[in-house]
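See below for the structure under consideration.
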Amino acid sequence: FSAFDIYQFVPVKERSLSVSKKEQTHYDSLLQSTGQVLFFSGNLSLIHEKELETLTVLAKKHIPIKILTRIDIVSQNKVNLLLAINYKVGWDALQISHCEQPIRAFLVDESFAIMKETLSPNQHRELKENVYLYYHICDKEWVTWLEKVFWQLWNQSIDAKTRLDILKKIVI
């Protein structure tokens, strides 16, 4: 899967691309949200202190946040950090489900999506360092399609609390 496979079909006026040698979060884009935020994540590798603060701000504004991610031994601590935001704000603002899927993106209020693709020297020997591509999509039709994909995966995924309960029984 390549995010470019979608991006190439988005009308030119409804898309943009940014390229960086450093990973970016684009979390400031989330603060525009007034409805909901949907995340396609791999293993929550982008969740750090600044991102936790941004998600807490959204939760305090009563913006629901749903995250599809791989929940395993490696990512369970970050999942717990995210779920702790719910206790801090007093409601289940963040809902997280286990799902291994290739998309790295977030969708804001059914109005835009930012998809990420990482090109690494491990996969592309021609590269000397990682290159990060960020595909910005504002086309209603494509954002709606991505949202439908999200909900299809969400409905088949396993709730984070269920998954974490099982992981607690594994001792390393």
With every protein chain in place, the accessible area of residue 18 for a 1.4 Å probe, in Å² rounded to the nearest 10, comes to 40 Å²
Once all protein chains are kept in place, residue 14 shows an accessible area at probe 1.4 Å, nearest 10 Å², of 70 Å²
Carbon/sulfur accessible area of the stretch 1-66, % of total, 1.4 Å probe, equals 53 percent
Filtered hits (lysines, Cα-Cα < 22 Å from residue 140, offset >= 8 within chain) -> 13, 66, 116, 148
Candidates 11, 64, 121; GNM for the chain (alpha-carbon contacts under 10 Å) flags as most fluctuating 121
Using a 1.4 Å probe on heavy atoms of the protein chains only, the accessible area for residue 161 in Å², nearest 10, reads 100 Å²
Largest-first ranking of 12, 79 by accessible area, probe 1.4 Å, whole protein assembly kept, is 12, 79
Any lysines whose Cα falls less than 21 Å from that of residue 61, other than same-chain ones fewer than 8 residues away, would be 50, 88
Given a 1.4 Å probe, the accessible area of the stretch 98-148 per residue, as a whole number of Å², is 55 Å²
The aspartates and glutamates whose Cα lies under 19 Å from the Cα of residue 169, excluding any fewer than 8 residues away in the same chain, are 72, 159
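The values are calculated or read from the model by the stated rules, or taken from the named source; none is laboratory data. Nothing here was measured: the structure is a model prediction, and the numbers come from that model. Accessible surface is based on the protein model in full, side chains and every heavy atom, while ligands, DNA and RNA are left aside. Shrake-Rupley method; radii C 1.70, N 1.55, O 1.52, S 1.80 Å.
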